[in-house]
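The values are calculated or read from the model by the stated rules, or taken from the named source; none is laboratory data. Model, not experiment: these values are computed from the prediction. Glycine also receives a Cβ, built like all others from the backbone with ideal geometry; neighbour counts cover every protein chain displayed.
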Amino acid sequence: MRLSRYFLPVLKETPKEAEIVSHRLMLRAGMIKQEASGLYAWLPLGYKVLRKVQAIIEQEQDRAGAHEMLMPTLQPADLWRESGRYDDYGKEMLRVEDRHGRDLLYGPTNEEMITSVFRANVKSYKDLPLNLYHIQWKFRDEIRPRFGTMRSREFLMKDAYSFDLDKENSIKAYNRMFVAYLRTYKRMGLTAIPMQAETGPIGGDLSHEFIVLADTGESGVFCDSALLDKPIPSIDVDYDGDLSPIVDEWTSLYAATEDMIEMDKFEADVPEERRIAARGIEVGQVFYFGEKYSEPMGAKVTNADGEEVAVHMGSYGIGLTRLLPAIIEASHDDDGIIWPVSVAPFELGLINLKAGDETCVETCQKLYGELKSAGIDVLYDDRDMGAGGKFATADLIGLPFQMIVGPRGLKNGEVEIKDRKTGERSTVSIEAAAEHIRAIIEPLRLDTI
RNA sequence: CGGAGUAUAGCUCAGCCUGGUAGAGCACUGGUUUUGGGUACCAGGGGUCGCAAGUUCGAAUCUUGCUACUCCGACCA
């Protein structure tokens, strides 16, 4: 992409409404624009990152055996009357009426609707296990939206729902999502710790929240520091096999949110030097809730004995629009964002330091073509402006690498490569530049960890 | 919903106390500058001062009401 033709409205100054660093940087980097309290427009750069995050989630969900579909944002109230949640959910749920006076709601979650999909189509235990998910906009009329897209009213969420014959199999489904989540966050460069959590309005008796430690997090959390260094299950993990050893290993170390903390147990289980009491950002939550919806809504299958039984369900959510600020909170410096390659809006910034200089322009054009051919997602800063502004833009929007082309280096037939994260610079010949950067970036894409 | 605050140009803000023709920097447009960390200079465009009512000869400024937004708290991906 040529920057001169791209829509990238970066801000030199910080808009005053933004308090925390991720919100400030998302506004300054031209990723989002607020349209009302808790409602954001996603500008091209922000949307590009959102799509990359989405692709990783989809890939890991699919690997874990879940099937992607799409349900509407608006839902009929009758479905929610069946589960009893139409009256229980409270003011957080946005209710609307259509022209015929029918009650609808903008979905805050989809347990009811997925159950309706399931019961209309699945009748036999032979069709289980089943896990269906979608990535769709949700609306929760939060009392106080804040921190940009960290807590917005409209937000994009991946929500998966598992259906199994009994509790034992449902726990297996839970474990598959648990493992998939560990991998998903890791691929985005996040260290997310599963913690015992309250089940809230979703219901159920087993739940973990996945928490990224950050000072700006909204939840107080307590955990064993050994969890921070725990290796993540590899791409070879067998989702058809027994995953309980992995889950047991993770859950054997103490970790709980402030709602669930038992101080005695925390202090008994965790040696003092490993106790972490910190703030954290909740980037996902998994629930097992058994027959809570299947029973009242009649989601039943015939088992091997010919009996009709309610299926056991679980649900598994990841807030995509919250993941972006979470990644930024975990990875930034004074100059701006530092994206991991896996979710970076562009992998490389090609910077022409001297617009108008014939040699520089020609060299950049040539490199730009070569880089694209090498499969690098490159943003070419061809704007007619000074070098300082280009450096500042590249640092701010956080591209992992910069290829700097200026008259000084060209004299020796060289260009400079800067690593955004470490600040390290190296020089490479013009001829070898494209291949050189490809060799650096490719292993960092983390398709397979 | 309780508490605190803000609203003046695209952004950051001054002006308000003490009423008298609406300002600065950045951004934008045209030029000069050809620049290795937001270069310098010249010229220019852009605002019914959140909305409404009131006081006044006269309101961005004083009064009242409303709205929007932000922050702190209780709730949540």
Worksheet item: Does A:Ser315 qualify as being out of contact with any Ser or Thr (no Cβ under 8 Å at 6 or more places or on another chain), under 30 Å from A:Tyr47 (Cα atoms) and surrounded by 19 or more Cβ atoms within 10 Å (Cβ to Cβ)?
Response: no
Worksheet item: Across the range A:30-70, which residue is nearest to the chain's Cα centre (by Cα) among those that are surrounded by 14 or more Cβ atoms within 10 Å (Cβ to Cβ) and among the small types (Gly, Ala, Ser)?
Response: A:Gly46
Discussion item. So if I check each of A:Val361, A:Val378, which one is touching a strand residue (DSSP E or B) at 6+ places or on another chain (Cβ under 8 Å) and at pLDDT below 95?
Written reply: A:Val361
Practice prompt. State yes or no: is A:Ala439 of a type in the set (Gly, Ala, Ser), in contact with a strand residue (DSSP E or B) (Cβ under 6 Å, 6 or more places away or on another chain), assigned to a helix (DSSP H, G or I) and modelled with pLDDT of 95 or more?
Written response: no
Worksheet item: Wholly within the range A:16-120, which strands (runs of 3 or more DSSP E) include no fewer than the required count, namely at least 1 residues that are touching a Gly at 6+ places or on another chain (Cβ under 8 Å)?
Response: A:32-36, A:39-42, A:74-76
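Here's the yes/no breakdown for (1) assigned to a helix (DSSP H, G or I); (2) surrounded by 21 or more Cβ atoms within 10 Å (Cβ to Cβ); (3) touching a residue at least 40 places away in the same chain (Cβ under 8 Å); (4) of a type outside the set (D, E, K, R):
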| position | (1), (2), (3), (4) |
| --- | --- |
| A:Leu396 | yes, no, yes, yes |
| A:Ile404 | no, yes, yes, yes |
| A:Arg408 | yes, no, no, no |
| A:Lys421 | no, no, yes, no |
Practice prompt. Kindly indicate whether A:Leu227 is touching a Leu at 6+ places or on another chain (Cβ under 6 Å), of a type in the set (A, V, I, L, M), under 28 Å from A:Glu267 (Cβ atoms) and more than 9 Å from RNA strand B (Cβ to nearest atom).
Written response: yes
Fill in: Selection within the range A:348-381 - polar (S, T, N, Q) and over 18 Å from A:Ala439 (Cα atoms)
A:Asn352, A:Thr359, A:Thr363, A:Gln365
Item to complete: Scan the range A:18-42 for residues that are in contact (Cβ under 8 Å) with a residue 40 or more places away in the chain, within 10 Å of RNA strand B (Cβ to nearest atom) and of a type in the set (A, V, I, L, M, F, W, C) and jot them down.
Response: A:Ala18, A:Ile20, A:Leu27, A:Ala29, A:Leu39
Practice prompt. State all residues of the range A:393-421 that are at pLDDT 95 or above, within 8 Å of RNA strand B (Cβ to nearest atom) and basic (Lys, Arg); if no residue qualifies, say none.
Written response: A:Lys418
Worksheet item: Cβ-Cβ below 6 Å, separation at least six or inter-chain, first residue in the range A:72-101 and within 22 Å of A:Tyr133 (Cα to Cα) and within 16 Å of RNA strand B (Cβ to nearest atom), second small (Gly, Ala, Ser) and assigned to a loop (DSSP other than H, G, I, E, B): which pairs?
Response: A:Thr73/A:Gly107
Discussion item. Name the residue that is nearest to RNA strand B (Cβ to nearest atom), counting only residues in the range A:273-297 that are free of Cβ contacts under 8 Å to residues at least 60 places away in the same chain and charged (D, E, K, R).
Written reply: A:Glu291
Discussion item. Taking the criterion of being surrounded by fewer than 22 Cβ atoms within 10 Å (Cβ to Cβ), farther than 30 Å from A:Glu295 by Cα, small (Gly, Ala, Ser) and out of contact with any strand residue (DSSP E or B) (no Cβ under 7 Å at 6 or more places or on another chain), would at least one residue in the range A:195-218 satisfy it?
Written reply: no
Practice prompt. Being surrounded by fewer than 22 Cβ atoms within 10 Å (Cβ to Cβ), more than 8 Å from RNA strand B (Cβ to nearest atom), under 29 Å from the mean Cα position of the chain (by Cα) and not in a loop (DSSP other than H, G, I, E, B) narrows it down to one of A:Lys372, A:Lys390, so name that one.
Written response: A:Lys372
Practice prompt. Answer yes or no: is there a residue in the range A:260-270 that is closer than 29 Å to A:Gln61 by Cα, at pLDDT below 90 and surrounded by 12 or more Cβ atoms within 10 Å (Cβ to Cβ).
Written response: yes
Discussion item. On the basis of being crowded, with 21+ Cβ neighbours inside 10 Å and in a strand (DSSP E or B), does A:Tyr161 make the cut?
Written reply: yes
Worksheet entry | Condition check for A:Glu347: acidic (Asp, Glu), in contact with a Ser or Thr (Cβ under 8 Å, 6 or more places away or on another chain) and within 19 Å of A:Arg420 (Cβ to Cβ) | no
Fill in: A:Leu3 vs. criteria closer than 21 Å to A:Tyr185 by Cβ and within 13 Å of RNA strand B (Cβ to nearest atom)
no
Fill in: All positions within the range A:119-162 that are basic (Lys, Arg) and under 22 Å from A:Phe210 (Cα atoms)
A:Lys138, A:Arg140, A:Arg146, A:Arg151, A:Arg153, A:Lys158
